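Engineer: Let me give you the structure first, and then I'll get to my questions.
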Amino acid sequence: TVSAGVGQSLKITTSTANARSSTPLQANLLDARGNAKPAVDVVWTIDGTYAGIGSPQWVPTELGDVHLQARLNQMEDNRMVDVIAGAPHEFLFAEDLQIRSGESIYLEVRLLDQNGFEMNHTEAGYKTWTAENGTMSPVGRFSATYPGVWNLTVAAGNITGAATIRVVPADASLSQITVISDDGVYIAGQAYELVTIR
């Protein structure tokens, strides 16, 4: 059995962490030829604050870069660790969506983890869009047809989001003029009421 030799340097192996999720802090001892074995009794600090000895569990509270420092005897290693959002949980639409009939709008959604931290919306995978009324393109462009308040949904696997959009009538335009009394014959000199349909 060949095992790693006497540790000559220390290397932090923890590279990423999820916000508000438990992450073990781990480091390896490297011998003179770069062979690794788990380090024990390592003293940890996070952004300069003592965090424990050995392989303590760390629960970051915010997104961003965090400075980890590991020390063992005279050896030391430093590493910037990226704290990212957790697993995708839900899509969130913008509020108070409104559009005129006959127009279209590109719908933007935010992707959140279960703690409300935002991530790139592409991390959920391919999205499918549906609209109660009107049409949706595969990239999320909604084209309004009839006025009303309509439901919209987006899904990627088991990650979903829902919203409503208010479609208001477009500016009126004159389309036709008709006579109210639908007679087959009209008499000269007789008054008939006209109506415009817009």
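Engineer: Apply 1/(1 + (r/R0)^6) to the Cβ-Cβ distance of residue 96 and residue 50, taking R0 = 41 Å, and write down the FRET efficiency to the nearest 0.05.
Structural biologist: Working: r = 47 Å, r/R0 = 1.16.
In this case the efficiency is close to 0.30.
Engineer: Enumerate the calculated ³J(HN,Hα) couplings along the stretch 16-32 in order (Karplus 6.51 cos²θ - 1.76 cosθ + 1.60, θ = phi - 60°), each rounded to whole Hz, writing x wherever the residue is Gly or Pro.
Structural biologist: Each residue of the stretch 16-32 in turn: 9, 8, 9, 4, 6, 10, 6, 10, x, 8, 9, 9, 10, 8, 10, 7, 5 Hz.
Engineer: Determine the per residue accessible area of the stretch 68-167 with all protein chains present and a 1.4 angstrom probe, expressed in square angstrom. Intermediate values should be presented prior to the final figure.
Structural biologist: On the way: 5830 Å² over 100 residues.
In whole numbers, the stretch 68-167 has 58 Å² accessible per residue.
Engineer: Between residue 194 and residue 108, what length comes free when the chain is fully extended (0.36 nm per residue of separation minus the Cα-Cα distance, one decimal in nm)?
Structural biologist: Difference between extended and current length: 26.4 nm.
Engineer: Farthest toward the dipole's positive end in the chain, which of 169, 8, 136, given Cβ charges of +1 (Lys, Arg) and -1 (Asp, Glu) about the Cα centre?
Structural biologist: Positive-most Cα among the choices belongs to 8.
Engineer: Next up: Short version: ³J(HN,Hα) in whole Hz for each residue of the stretch 111-128, in order, from phi by Karplus 6.51 cos²θ - 1.76 cosθ + 1.60 (θ = phi - 60°), x for Gly and Pro, what are they?
Structural biologist: 10, 10, 8, 5, 9, x, 7, 8, 9, 5, 5, 6, 5, 7, x, 5, 9, 10
Engineer: Report, to the nearest whole %, how much of the accessible area of the stretch 60-198 belongs to carbon and sulfur atoms, 1.4 Å probe, protein only.
Structural biologist: Of all accessible area on the stretch 60-198, carbon and sulfur atoms account for 48 percent.
Engineer: Find, to one decimal place in angstroms, the Kirkwood hydrodynamic radius of the stretch 82-188, where the mean of 1/r is taken over every pair of different Cα atoms and then inverted.
Structural biologist: Hydrodynamic radius (Kirkwood, Cα only) of the stretch 82-188 equals 16.4 Å.
Engineer: Once the other residues with Cβ under 14 Å from the Cβ of residue 159 are scored (Lys, Arg +1; Asp, Glu -1), what is the net sum? Kindly include the intermediate steps, with their values, before the conclusion.
Structural biologist: Details: positive: 110, 127; negative: 90, 113, 118, 123.
Charge balance near residue 159 sits at -2.
Engineer: Rounded to a whole number, what is D in µm²/s for the chain from Stokes-Einstein with the Kirkwood radius over alpha-carbon pairs (37 °C, 0.692 mPa s)?
Structural biologist: Values: Rh = 22.5 Å.
Using the Kirkwood radius from Cα pairs, D works out to 146 µm²/s.
The values are calculated or read from the model by the stated rules, or taken from the named source; none is laboratory data. The structure displayed is predicted, hence computed values, not measured ones. Neighbour counts are summed over all protein chains in view; Cβ atoms, including those assigned to glycine, are modelled from backbone coordinates with ideal geometry. Surface accessibility is based on the protein's heavy atoms, side chains included, excluding ligands, DNA and RNA. Shrake-Rupley method; radii C 1.70, N 1.55, O 1.52, S 1.80 Å.
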